[in-house]
1. Inspect region 253-260 for any residue being under 20 Å from the mean Cα position of the chain (by Cα) and surrounded by 15 or more Cβ atoms within 10 Å (Cβ to Cβ) and give the result as yes or no.
2. Quick check: is even one residue across region 240-247 touching a strand residue (DSSP E or B) at 6+ places or on another chain (Cβ under 7 Å) and either closer than 26 Å to A157 by Cβ or surrounded by 12 or more Cβ atoms within 10 Å (Cβ to Cβ) (or both)?
3. With region 221-327 as the region, which helices (runs of 4 or more DSSP H) entirely inside it contain at least 3 residues that are closer than 28 Å to L193 by Cα?
4. Scan region 178-198 for residues that are part of a strand (DSSP E or B) and either of a type outside the set (A, V, I, L, M) or within 15 Å of the chain's Cα centre (by Cα) (or both) and jot them down.
5. If we scan region 372-379, do we find a residue that is surrounded by fewer than 19 Cβ atoms within 10 Å (Cβ to Cβ) and outside any loop (DSSP other than H, G, I, E, B)?
6. If you scan region 104-117, which residues turn out to be in a helix (DSSP H, G or I), crowded, with 19+ Cβ neighbours inside 10 Å and free of Cβ contacts under 8 Å to residues at least 60 places away in the same chain?
7. Looking at G167, G172, can you tell me which residue is out of contact with any Ser or Thr (no Cβ under 6 Å at 6 or more places or on another chain) and in contact (Cβ under 8 Å) with a residue 24 or more places away in the chain?
8. If S80 satisfies all but one of (1) assigned to a strand (DSSP E or B); (2) touching a Cys at 6+ places or on another chain (Cβ under 8 Å), what's the number of the condition it fails?
Amino acid sequence: MWTLVLNCGSSSVKVALLNPDSGAVALTALAERLGQGGAALRLDVGGEPRAVALAGGSYPEAFAALLRELDALGLRSDVSAVGHRVVHGGETFSAPALITDVVLDAIRACSALAPLHNPANIAGIEAARTAFPDAAQVAVFDTAFHQTMPEVAYRYAVPDAWYRQHGVRRYGFHGTSHAYVAQEAARMLDRPLAELNLVTAHLGNGCSVCAVQGGRSVDTSMGLTPLEGLVMGTRSGDVDPGLHDFIARQAGLNLDQVTAALNRESGLLGVSQLSNDLRELEAAAGRGHAGARLALDVFVYRLAKAVAGMAVALGHVDGLVFTGGIGENAVAVRAATLARLGILGAGVDDSANARAVRGVSGTISAPGRLTTLVVNTNEELMIARETARTLGA
Ligand code: AMP
């Protein structure tokens, strides 16, 4: 039986049809530009890419096109379950949930915490329930893995009423990826996950680190929103909370404009004034572009500081894991980060580090140094597994 994994954004739907046991993938698809002109469903079946235009560009139309493809492949009746990535589960969800009307209302109630993401996730769930009326639907939350954080890690030092009345606390994100790579790291090290203290670094367009103790998140760098913590592609990560007031007055910006700039014009892009794409920055830095060099240096420095911070949550660190597009490929970023982590006993094996790119995972630390791994994340597979586990329970 196949599980359909859906990641529904405001203008896109990412789709994967896979077997949760074997990991076999029957189909991947991406519906883009929904609600805009030129919407299309891009399919990949067995390595053969194809695009279907979506004239109306709506969610139901994207699902109808997907159903036609599944029919053509004779796979529609094999879709027994649909797993949905849902960004924010607040304090309500500490595990995946079978989607019922009550659960959908609870996801809706978390929308204030993720106003851009949860409404899109909900629209996707509603469309999928109509398109696949016989399949069980499960919500897998980005925040759920971090619900094991102790209060000392998740509370901000702000007025208590903000937490009690408005849910102002640290939630953390990328939970599916952190949980998956921690499991994979334990498997690669041939050690029980329950005995391991790991720091996992998910470095993609969004970036976060997580302290994983015995397979449970005990701290992470993202907070109330995915803006906190590390420097990211276009997101600032941590800034002085006094910045908002200062820059609003100095530059004559309103709160929405400040928030938009911190989310979309900051990070690697903001510092380099060139690109949010790490590959481009590495190439430009190689040509002597000072902004690109500085952006990379700030990225690495802040990452190393955050990894060391996670060591406080763990007491001692058994291993460090790199994942995400940057973590899985950026050899120089990994080497520079480890060079700054002598305090944790880190040290790189240059040739092992150079080999761990483009889907190759493995250990990149020098003998006797902090065990450091590159692990390829697979959020779709993890969502399919969690969906199967939820339905089995
Ligand atoms: P993700 O969001 O996980 O797809 O990661 C996107 C980020 O990974 C972008 O900053 C890319 O530039 C970066 N990335 C992907 N491939 C490479 C590579 N070969 N070397 C360096 N960075 C890469």
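The values are calculated or read from the model by the stated rules, or taken from the named source; none is laboratory data. Only a predicted model underlies this, so the values are computations on that prediction, with no experimental measurement involved. We place every Cβ from the backbone using ideal geometry, glycine too, and count neighbours over all the protein chains shown.
1. Among the residues of region 253-260, not one is under 20 Å from the mean Cα position of the chain (by Cα) and surrounded by 15 or more Cβ atoms within 10 Å (Cβ to Cβ), which makes the answer no.
2. Filtering region 240-247 for residues touching a strand residue (DSSP E or B) at 6+ places or on another chain (Cβ under 7 Å) gives none.
No; the residues of region 240-247 include none that is touching a strand residue (DSSP E or B) at 6+ places or on another chain (Cβ under 7 Å) and either closer than 26 Å to A157 by Cβ or surrounded by 12 or more Cβ atoms within 10 Å (Cβ to Cβ) (or both).
3. Working: elements: 243-251, 255-264, 267-272, 278-286, 290-314, 324-327.
Here the list reads 290-314, 324-327.
4. If we filter region 178-198 for residues that are part of a strand (DSSP E or B), which is where we start, we get 197-198.
The answer is N197, and nothing else.
5. no
6. The first filter runs over region 104-117 and keeps only residues in a helix (DSSP H, G or I), leaving 104-109, 111-113.
Imposing the further condition that a residue be crowded, with 19+ Cβ neighbours inside 10 Å reduces the set to 107, 113.
Passing the criteria: only I107.
7. Numbers: G172 fails: out of contact with any Ser or Thr (no Cβ under 6 Å at 6 or more places or on another chain).
Exactly one of G167, G172 is out of contact with any Ser or Thr (no Cβ under 6 Å at 6 or more places or on another chain) and in contact (Cβ under 8 Å) with a residue 24 or more places away in the chain, namely G167.
8. Tallying (1) assigned to a strand (DSSP E or B); (2) touching a Cys at 6+ places or on another chain (Cβ under 8 Å), S80 fails exactly one: (2).
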